[in-house]
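First up is the structure itself, then whatever we jot down about it.
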Amino acid sequence: MKLIEFLLGLTACSSIIGLFSKIDSIEGERGFLDSLGKYTLPIFCMHTIFAAGLRSVLLKIGISDLFLHCILGIVIRFVGPI
């Protein structure tokens, strides 16, 4: 069972790498990967700041519900940096 899961994961990763290799080889699509790479690091760095800030604010105002923290944390991690 674990071998099947591993092979499925390996296939999915290979497919994604192959897709981006194909997009990268197309002449007109180079701008897509350049713009994606340009904003990846700032978004990665800022998502932690937004998530920690939101958690601090929620705890300061007395909201300690785990479900609410998770949902709002996931939303702010994507929406905040963008």
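So, in segment 54-82, of the ones that are at pLDDT below 90 and small (Gly, Ala, Ser), which residue ends up most open to solvent (accessible area, probe 1.4 Å)?
Restricting to residues being at pLDDT below 90 and small (Gly, Ala, Ser), the top hit is SER64.
Go through segment 30-82 and give me each residue that's polar (S, T, N, Q) and either part of a helix (DSSP H, G or I) or in contact (Cβ under 8 Å) with a residue 12 or more places away in the chain (or both).
Hits for segment 30-82 are SER35, THR40, THR48, SER56.
The values are calculated or read from the model by the stated rules, or taken from the named source; none is laboratory data. Remember, predicted model here, so these are calculated numbers, not experimental data. Glycine gets a Cβ as well: all are built from the backbone with ideal geometry, and neighbour counts include every protein chain shown. The protein model used for the area step is the full one, side chains on, heavy atoms only, and it has no ligands, DNA or RNA in it. Shrake-Rupley method; radii C 1.70, N 1.55, O 1.52, S 1.80 Å.
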